[in-house]
Amino acid sequence: MAQEFTSRLHIPKAPFRPDEEPDFSYLDIPSPESSSKPEPLIDPNAIRHMAYGLVRVLDDDHKAKGEWHPQLSADKLRFGLKKMMHVRAFDDRMFAMQRQGKLCFYLKCTGEEAVAVAQAMALDQQDMCFPTYRQQGLLFARGYPVVDMMCQCLSNSRDNLKGRQLPVLYSWKEGGFFTVSGNLATQYCQAVGWAMASAYKGEDHIAAAWVGDGSTAEADVYHALQFSSTYQAPVILNVVNNQWAISTPQSFASAGTTFAARSLGFHIPGIRVDGNDFLAVYAVTQWAAQRARNGGGPTFIELFTYRVASHSTSDNPDAYRSPKEAELWPLGDPITRLKNHLISLGEWSEEQHLALQQELKESVTADWQEALSYGSLEEGPHWPLSSMFDDVFKELPQHLQIQRQKMEHGHE
Amino acid sequence: MSKMNMVQAINSALDIKMSQDPCVLVMGEDVGFFGGVFRCTEGLYQKHGPHRSLDMPIAEGGIIATAIGMGVNGLRPVVEIQFADYIYPAFDQIVSELARLRHRSGGEFWAPVTIRTPCGGGIRGGQTHSQSPEGIFTHVCGLKTVMPSNPYDAKGLLISAIEDDDPVLFFEPKRIYNGPFDGDHNKPSVSWANHPLGEVPEEHYSIPIGQATISQAGNDVTVLAYGTMVHVAAAAIKQSGIDAELIDLRSLVPLDLNTIANSVKKTGRCVVIHEATRTGGYGAELVAEVQEECFWHLLAPIERVTGWDTPYPHAFEWEYFPSQERIIEALQRTLENR
Ligand SMILES: Cc1ncc(C[n+]2csc(CCOP(=O)(O)OP(=O)(O)O)c2C)c(N)n1
Ligand SMILES: [Mg+2]
């Protein structure tokens with residue numbers, strides 16, 4: 001028998017495993033008034049502390065406070081609330097449809113709706129988004145038809161991706177939503193290139209990219225930081241820290257500090273924001289967009305949030321984390337918080353909220369019926385089989401013409 | 001017409017495209033102010049401005065990712081990867097992103113990126129400056145892969161690559177940047193000045209991607225080669241006195257199978273040559289295509305002459321590099337079968 005090692009190897013730990021009672025009191029949650037808002041063109045070195053802070057606007061009493069308060073109209077707040085609720089209704093429906101076997105796969109963003117919805121609203125419609133699979137909220141905020149999203153998930157005859165991608169890996173060129181890759185983080189530095197081209201052409205459109213906490217370990221993230229810093233590219237680089245990367249806790253990538261701190265060595269402002277606070281997310285994104293548009297270069301934003309749902313329909317989180325985490329998450333739920341804020345302003349009510357919830361549920365159900373009428377993965381109709389060979393190249397080369405013919409008519 | 005070596009021909013192609021199209025820019029390590037370690041981008045920074053001849057941080061994955069983003073946003077980046085041996089950090093960006101962007105987005109997005117990279121051995125570069133990784137990329141659908149063997153083709157093909165809306169990998173055999181090389185390292189090096197394909201028009205012209213050229217007509221055996229090996233093969237054919245037809249593929253994907261098949265059907269014999277390692281190399285694909293198209297015309301097994309399946313050596317470079325002798329032996333073996 002070989003002798004056992006007395007191992008000294010450090011292995012990061014999850015805060016709580018399934019049989020443990022979550023207690024998030026170790027998290028430092030500052031009040032909205034404690035964060036000051038710098039000028040957008042400030043030297044990043046002057047705001048290094050922001051990488052370790054947490055920008056918040058909505059206080060526990062549902063009031064908006066502090067220098068970051070973006071002073072949005074009630075209409076705009078209601079629009080944001082409605083979009084977040086629409087995302088949630090959509091996610092719930094699609095998740096259920098997967099469970100009923102109508103979809104092969106689905107992935108929710110429950111608890112993270114404020115990230116994509118508020119950020120899309122703070123950007124211009126012409127700004128280019130390089131999202132991950134968890135920013136479906138961008139599509140809602142920018143007005144992509146829900147039926148089209150469903151058709152993508154169904155790989156049916158109306159799928160704009162012609163049946164080539166897994167559900168949720170959307171693409172919408174017209175709406176500035178880049179084709180989502182299944183490979184994590186690969187698009188992060190592409191966003192920098194897009195932003196560099198914008199500056200090269202003298203345009204003032206900016207780019208925004210997203211990556212998850214776990215995916216920050218990929219080299220692409222450091223390429224993006226390096227290149228955006230070198231060329232002062234007009235880009236917003238976001239890290240959605242939802243605490244988990246499938247079963248792996250954020251501590252495997254965070255290096256024992258905040259993700260926002262990672263940009264400091266690149267002389268890029270790193271800002272950590274309460275990702276469940278619609279107003280704070282909006283304000284920080286607006287600040288970064290202003291900085292980028294005025295020649296200030298990139299901003300690195302860590303959106304501190306919590307992944308309430310399973311990673312995807314293929315995942316069972318009860319096997320690796322405490323089921324009570326979501327409920328005890330100290331930063332609450334983004335929809336509830338914005339709803340309570342609007343109610344406290346006298347601009348919304350429980351009744352309106354329930355009515356809207358019902359309306360969205362019904363509209364998603366109707367959209368699903370329509371989407372199904374264009375077919376499904378299992379039953380079709382799909383795109384014509386021969387379309388598989390299209391778009392490999394702009395024009396079909398001879399060897400693909402031959403292969404297509406063989407596939408359609410048998411050998412020779 | 002003027003005399004150009006391959007570096008000057010490449011530089012001329014870049015200069016012409018940058019002058020014609022403000023969306024074309026060159027980028028990579030040391031390509032800007034200095035003009036590239038092989039001087040291919042010399043003077044472009046000074047002539048077209050620093051924003052069009054971008055020096056870049058040493059991160060090949062970042063360089064290609066950035067080029068993809070630029071391509072998506074309407075530019076036509078021409079990237080230089082300093083040595084093909086250093087293309088691997090960008091492998092994921094090339095294979096998973098650049099090559100598949102158009103297809104995965106249902107035709108919504110694409111990036112017309114050209115990747116230029118010096119490849120091949122014969123320069124005493126050891127295993128980190130001598131590789132020929134073209135076969136790794138020809139296996140990837142969605143990429144076009146070309147390798148010129150002379151200044152004239154280099155310029156015409158590079159212009160086509162830049163104008164192409166699909167991504168193109170443009171391999172530059174660095175041993176023949178300054179002159180053709182017949183494989184005999186003991187001979188003094190020769191320049192392109194006395195070679196007919198060192199005569200290059202100053203102006204814009206293009207050579208379509210996907211067309212091979214018959215370097216030398218013959219009747220008894222077809223020799224398929226590309227890059228430096230075209231010159232080694234030509235010398236071997238000459239020395240052997242064999243009546244061989246030498247085809248310079250120029251473009252590996254798409255492949256000009258018609259020209260190849262017509263020749264093999266005529267000669268009934270085929271020898272495939274490349275510098276790259278043997279197993280799973282592009283030569284294997286060529287052999288497969290030739291036997292599928294020409295099986296009933298073949299009079300002998302198809303031969304391959306390639307680098308050995310070892311890392312590219314330093315001390316034993318000339319035992320590794322496919323020599324005229326090895327090519328002649330292969331030609332003779334195929335002809336023995338009657
Ligand atoms: C390059 C690559 N490696 C691994 C995977 C498999 N994978 C898919 S999602 C995921 C976890 C990502 O976690 P995180 O970045 O935190 O994003 P989240 O899912 O939490 O939004 C992994 C490992 C992948 N898709 N791509
Ligand atoms: Mg995560």
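Which count do you get for residues in the stretch A:226-237 that are within 13 Å of chain B (Cβ to nearest Cβ) and buried (at least 24 other Cβ atoms within 10 Å of the Cβ)? Spell out the reasoning first.
So the first thing to find is which residues in the stretch A:226-237 are within 13 Å of chain B (Cβ to nearest Cβ), and the list is A:226-235, A:237.
Subset that is buried (at least 24 other Cβ atoms within 10 Å of the Cβ): A:227-228, A:233-235, A:237.
Of the residues in that region, 6 qualify.
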Within the stretch A:238-268, which residues are more than 14 Å from ligand 1 (Cβ to nearest atom), open to solvent by less than 10 Å² (accessible area, probe 1.4 Å) and touching a Leu at 6+ places or on another chain (Cβ under 7 Å)? A:Ser263, A:Ile268
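Mind telling me which of the residues B:Ala154, B:Ala111, B:Ala193 ends up being in a helix (DSSP H, G or I) and surrounded by 24 or more Cβ atoms within 10 Å (Cβ to Cβ)? Walk me through how you get there before you give the answer.
On the way: B:Ala111 fails: in a helix (DSSP H, G or I); B:Ala193 fails: surrounded by 24 or more Cβ atoms within 10 Å (Cβ to Cβ).
After ruling out the rest, the residue left standing is B:Ala154.
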Residue tally, condition at the interface with chain A (Cβ under 7 Å from one of its Cβ atoms) and closer than 18 Å to B:Val168 by Cα, over the stretch B:49-61: 1
Quick test for you: out of B:Ser149, B:Ser215, pick the one residue that is under 23 Å from B:Gln8 (Cβ atoms) and either in the same structural domain as B:Gln20 (by TED's automatic domain parsing) or part of a helix (DSSP H, G or I) (or both). B:Ser149
For the stretch A:188-217, which residues satisfy the criterion of being within 11 Å of chain B (Cβ to nearest Cβ) and open to solvent by 10 Å² or more (accessible area, probe 1.4 Å)? A:Trp194, A:Met196, A:Ala199, A:Tyr200, A:Lys201, A:Gly202, A:Glu203, A:His205
Any chance the stretch B:33-40 includes a residue that's open to solvent by less than 10 Å² (accessible area, probe 1.4 Å), in contact (Cβ under 8 Å) with a residue 60 or more places away in the chain, in contact with a strand residue (DSSP E or B) (Cβ under 9 Å, 6 or more places away or on another chain) and assigned to a loop (DSSP other than H, G, I, E, B)? yes
Is it true that some residue in the stretch A:65-74 is open to solvent by less than 30 Å² (accessible area, probe 1.4 Å) and in contact with a strand residue (DSSP E or B) (Cβ under 6 Å, 6 or more places away or on another chain)? yes
So, A:Phe300, is that one in contact (Cβ under 8 Å) with a residue 60 or more places away in the chain, more than 16 Å from ligand 2 (Cβ to nearest atom), crowded, with 21+ Cβ neighbours inside 10 Å and not charged (D, E, K, R) or not? yes
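What are the residues in the stretch B:8-25 that are open to solvent by less than 20 Å² (accessible area, probe 1.4 Å) and either of a type in the set (Ser, Thr, Tyr) or under 19 Å from the mean Cα position of the chain (by Cα) (or both), if any?
Once the filter is applied, which keeps residues that are open to solvent by less than 20 Å² (accessible area, probe 1.4 Å) and either of a type in the set (Ser, Thr, Tyr) or under 19 Å from the mean Cα position of the chain (by Cα) (or both), the stretch B:8-25 yields B:Ala9, B:Ile10, B:Ser12, B:Ala13, B:Leu14.
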Within the stretch B:75-108, of all residues that are among the aliphatic types (A, V, I, L, M) and assigned to a helix (DSSP H, G or I), the one farthest from the other protein chains (Cβ to nearest Cβ) is B:Ala84
Which residues, taken from the stretch A:375-394, are crowded, with 18+ Cβ neighbours inside 10 Å, more than 9 Å from chain B (Cβ to nearest Cβ) and in contact with a Pro (Cβ under 9 Å, 6 or more places away or on another chain)? A:Gly375
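The values are calculated or read from the model by the stated rules, or taken from the named source; none is laboratory data. This structure is a prediction, so every number in the text was calculated from the model and none was measured. Don't worry about glycine lacking a Cβ; one is built from the backbone with ideal geometry, like all the others, and counts go over all protein chains shown. We work out accessible area using only protein heavy atoms, side chains counted, and drop any ligands, DNA or RNA first. Shrake-Rupley method; radii C 1.70, N 1.55, O 1.52, S 1.80 Å.
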